[in-house]
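Here the structure is laid out as structure tokens; the discussion comes afterwards.
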Amino acid sequence: MELSDRYNSKDVEGRIYQWWTERGFFKAQDKSTHSPFSVILPPPNVTGSLHMGHALNHTVQDVLVRWKRMSGFNVLWMPGTDHAGIATQSVVERELKKEGKTRQELGRNNFVERTWQWKEQYGGRIVEQMKRLGDSCDWDRACFTLDEGVSKAVRKVFVDLYNKGLIYKGLRLINWSPALESAISDLEVDHKEIKGSLYHIRYPIVGGDGHLEVATTRPETMLGDTAVAVHPEDERYQTLIGKEVELPLSGRKIPVIADAYVDKTFGSGVVKITPAHDFNDYEVGKRHDLPMLNILNKDGSLNEQGGVYKNLKVQEARKRILVDLEAKGFLVKTEAHTHQVGHCSRTGCVVEPFLSEQWFVKMAPLAAPAKRVVESGTITFEPESWTKTYLHWMNIIEDWCISRQLWWGHRIPAWTCRDCGHITVSEMEAKSCGKCGSAQVVQDEDVLDTWFSSALWPFSTMGWPADTELQKTFYPSTVLVTGFDIIFFWVARMIIMGLEFKQDVPFRTVYIHGLIRDAQGKKMSKSLGNAEDPVQLIEEYGADALRFTLLAQIAAGRDLKFSVQRLEGYRNFMNKLWNATRFALGALKDFEPSSDLNQMPNRSEISYADQWILVKLGHLERELDEALKTYRFSDAANAAYSFVWHTFCDWYLEFVKPIFQGNSVTEKKATQLVLAHVLNRTVRLLHPFIPFITEEIYQKLPLRGEALIVDTYPTVKVDKSLLALGSEDVAEEVDLIREVITALRNIRGENRIKPGQKINARLAPLDDKTQKVLGENKQAIMTMSRLEICEITEAGNLSKCAVQPVQVGTMKVDVIVPLEGLVDIEEEKKRIRKTIEKLHKDIVGISGRMADANFMANAPEDIVAQNKRQLEESKAQVSTLEAALARLG
RNA sequence: AGGGAAUUAGCUCAGUUGGUAGAGCGCCACCCUUACAAGGUGGAUGUCGUCGGUUCGAGCCCGGCAUUCCCUACCA
């Protein structure tokens, strides 16, 4: 069983994942004596492919899920995919277009059938990509938002809300996407800054010879003007209020009204009012009972109200109207003007405010309880700062337009009676009118906003409205992990629906992570061409490396910049771990594990280094536990990284080498046992972060259970017997040894002594304890600093010597290297002077403080004592160094 | 306009209760030392944006300012 000297993720990941799946390790129990832990995966669009945002989002969830699974919880990670109304419909329409067909030609039923076929064929792609990343979801429970069960929930919710008067149909001004020929919600509108123009236009006053000058960015909407408005207190126009003006080009007469909405200082202080095509004007129109004149067709062209401009698209009509206005002398001037224009987040087209019959959810009564559960802390946001944003939004929430003029989605369960016009809303197909009994009923053509079904996801996936064991066990879920961009689309609406239909919140904690940006800090997007493909990166660097890169950088709700360079670094980390294992397995070749995995060595038999690594392992376990509990993933990842590389590899394995090469069988056996345990424990600790490599390693360990993924997660509280073998005191002693070795290496390095050249050293301990510790670790010091002779004795003559004082806790030693015949003395003088300078800086600072009566009077005793000690020691070290310097001549 | 966040080494960022600044990458020097050159050892680098306040003591707490970013809402 030879391991290659490079970790090759490609050989490992697919095989391991398949094995986990076959063994059913991801499965949740409907009912269990173990505490539940559940996470609902934000269902990605079936049309989608995995992007870096998913990679980050899923990695976080997988870490939590694996950590809890190993900690003995009954874990459910509920996966699924979203039908994504518009996105999916567009994909299929594009396909049809290639065949020269349209969905209208196909007809609704055939089109929907065709879309299902597309979903069956391609919809699984993103799921496969999720598996590449290592997502340990309970795949057998995977749902799709158009599944029969989920659809049933959707219909029930719709009907219930309708019966409660919380869903209504109404003629309203809504955001209309001409490209989709559908309504979209406020949230689906992106405001972009556009450099446009402000046109000043004359509206002649009826029965007078003057005119009013109106400023507008959208001259074409004047065809739909039903008034002009001035501020009620604007002196300039007092006499005109109540009079009429004539609409240029059409000659239609409209009133001059007064409304406080008008800003006297902007433009001319006169506003044209187009209630059917502007949200503010709509409100003004309602206040003044103005006619609402719709001038647009569904595709964004002008309708018959447009007169000679009929059938022209908005942009074209605008140009023609401007030409005509100019020709007839109505256009006063044109100013450059930048303003915000709404764009459809799906198609990018300019959104038109459009008067149309739509279905709405009345939000105010539903939002109130959803606000309270956050205010009261029943649901907490992590990081907490999002609470404010959430509450702010809930305060200004408007009714939610839920109907879409699409074919792909949940069709609205409402039937209109041809005879009496009554609307029958029903979970089952309505065969007759609920009022007059007529059989002439037709179902509403529209489908529901995709987010409507998403809002029910936390319980619709668990079998609701049926009363299932699954819901009893796992609802509410424990934590929801998502980006801030869908707090309002999704999180808020899930809270609302959960409270309304389950009488309980859908989750306890909302963990919000940031966005992934490129190395320059730009948002990753396909159109910018800077989007990294996670699947490609997994191919090249491995899923573990990618996961670790994301985890190491994720800081509470802040965006993170992704760079391949960093990914490479963590790929190297995987390799480091792999090679450490390779070494350890070599050292454990003749290791005979006891049948009892819990068998521990005797404390008296294990080495200093063994005790030290166990102490450090305990520290790591405490750090990881703390970090994971508080969602500090980067802290966790960094602690793990540092332990593996800088504690385990750099020091422990080096300390242990002489033992394995030595003659003491007892010592060797004890160290083997410790090494085997430490390695086992390390991969268990790292598994949630880097599941593949750790499972692969685990399967090769002499000490192991059946599968790492279901082994227990180590904490300082469980399996205490191993960690109890470490002693903090001994660990400090090993830290002294490390410092001594570092001092010797420093002397070598700075004096340019060749790594291969052995040198002699004198260690002058300044107390008995240090003397003993040095004596017992002499071999390690000699090996790791490449010494020929190592004397532990008093300092003696310092002539022609490099000197470095070392101190850890109360232990102190001067590290001395005779340099006779070795090096340029000047180099060593420089080195010593540098150290003295550093110490001097300390001394000046501390002496200043000690001389300050205020400090002495107010600072706590231990701080004063610490300063005092530090000062004395620094002074002592300086005098040693100065003596050495003097002897160097 | 309102709200939020950020400003620490060349770059990306940690720094959880105030007690003399850390990591990774990059950089410099030396080394293919039998786990790993995707490696080892050593080294250099910071008036912690700015001004003031609280404190014996501030990267951290408070206030002002500057710059940058994000969100929400909009001026026709």
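The values are calculated or read from the model by the stated rules, or taken from the named source; none is laboratory data. Note that the coordinates shown come from a computational prediction; the quantities given were computed from them, not determined experimentally. When we count neighbours, we look across all protein chains shown, and the Cβ atoms used for this are built from the backbone with ideal geometry, even at glycine. In case anyone asks, the SASA skips ligands and DNA or RNA and just uses the protein heavy atoms, side chains included. Shrake-Rupley method; radii C 1.70, N 1.55, O 1.52, S 1.80 Å.
Data table
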quantity: Part-to-part distance (alpha-carbon centres) for segment A:627-705 and segment A:341-363, which is given in Å; calculated: 57
quantity: Beta bridges per DSSP with both ends in chain A, % antiparallel, nearest 5; calculated: 70
quantity: Fraction of accessible area attributable to carbon and sulfur, segment A:40-127 (%, probe 1.4 Å); calculated: 48
quantity: Amide H within-cut-off set for residue A:554, under 5 Å, with H built and near neighbours excluded; calculated: A:634
quantity: Segment A:778-840: C-alpha gyration tensor shape, a/c 1.5 cut-off, then a/b vs b/c; calculated: oblate
quantity: Listed pairs A:754/A:800; A:68/A:576; A:669/A:700; A:717/A:769; A:169/A:298; A:119/A:169 exceeding 22 Å between Cα atoms; calculated: A:68/A:576; A:717/A:769; A:119/A:169
quantity: Amide H within-cut-off set for residue A:819, under 5 Å, with H built and near neighbours excluded; calculated: A:801, A:802
quantity: DSSP-assigned coil residues among trypsin sites (Lys or Arg not before Pro) in segment A:680-730, each with at most 10 further Cβ atoms within 10 Å; calculated: A:717
quantity: Reachable lysines from residue A:838, criterion Cα separation under 16 angstrom, eight or more residues apart if same chain; calculated: A:829, A:830, A:875
quantity: Unpartnered cysteines - no second Cys beta carbon under 4.7 Å - across chain A; calculated: A:137, A:143, A:344, A:349, A:401, A:649, A:790, A:801
quantity: Cα-centre dipole for chain A with unit charges at Cβ (Lys and Arg positive, Asp and Glu negative), debye to 20; calculated: 780
quantity: Neighbour cut-off at most 11 other Cβ (10 Å), DSSP loop, GluC sites (Glu not before Pro), segment A:85-156; calculated: A:99
quantity: For segment A:29-39, Karplus couplings with θ = phi - 60° (6.51, -1.76, 1.60), whole Hz, Gly/Pro x; calculated: 9, 4, 9, 7, 7, 7, 5, x, 9, 9, 9
quantity: Gap separating the Cα centres of segment A:49-103 and segment A:213-275, nearest whole Å; calculated: 50
quantity: Percent accessible area from carbon and sulfur atoms, segment A:720-798, protein chains only, probe 1.4 Å; calculated: 45
quantity: Full-stretch length increase - residue A:858, residue A:172 - with 0.36 nm per residue and alpha-carbon distance subtracted; calculated: 240.0 nm
quantity: Stretchable slack from residue A:851 to residue A:263, in nm (0.36 nm times residue separation minus alpha-carbon distance); calculated: 205.0 nm
quantity: Global geometry of chain A, whether rounded, prolate or oblate, following the gyration tensor of its Cα atoms and the 1.5 cut on a/c; calculated: prolate
quantity: Heavy-atom accessible surface of segment A:504-611: percent carbon and sulfur, 1.4 Å; calculated: 43
quantity: Under 5 Å, built H, 5+ apart or other chain: amide partners of residue A:198; calculated: A:335, A:336, A:337
quantity: Cα gyration tensor shape for segment A:215-307, rounded if a/c is under 1.5, else prolate or oblate; calculated: prolate
quantity: Contour excess over end-to-end distance, with Cα ends at residue A:844 and residue A:520 and 0.36 nm allotted per residue; calculated: 112.3 nm
quantity: Over chain A, relative contact order from alpha-carbon pairs under 8 Å, at least 6 apart, %; calculated: 12
quantity: Only Lys, Arg (+1) and Asp, Glu (-1) charged, at Cβ; segment A:47-173 dipole about Cα centre in debye; calculated: 360
quantity: Qualifying trypsin sites (Lys or Arg not before Pro) in segment A:29-133, DSSP loop, other Cβ atoms within 10 Å at most 12; calculated: A:31
quantity: Chain A, accessible area per residue, ligands and nucleic acids excluded (1.4 Å, Å²); calculated: 44
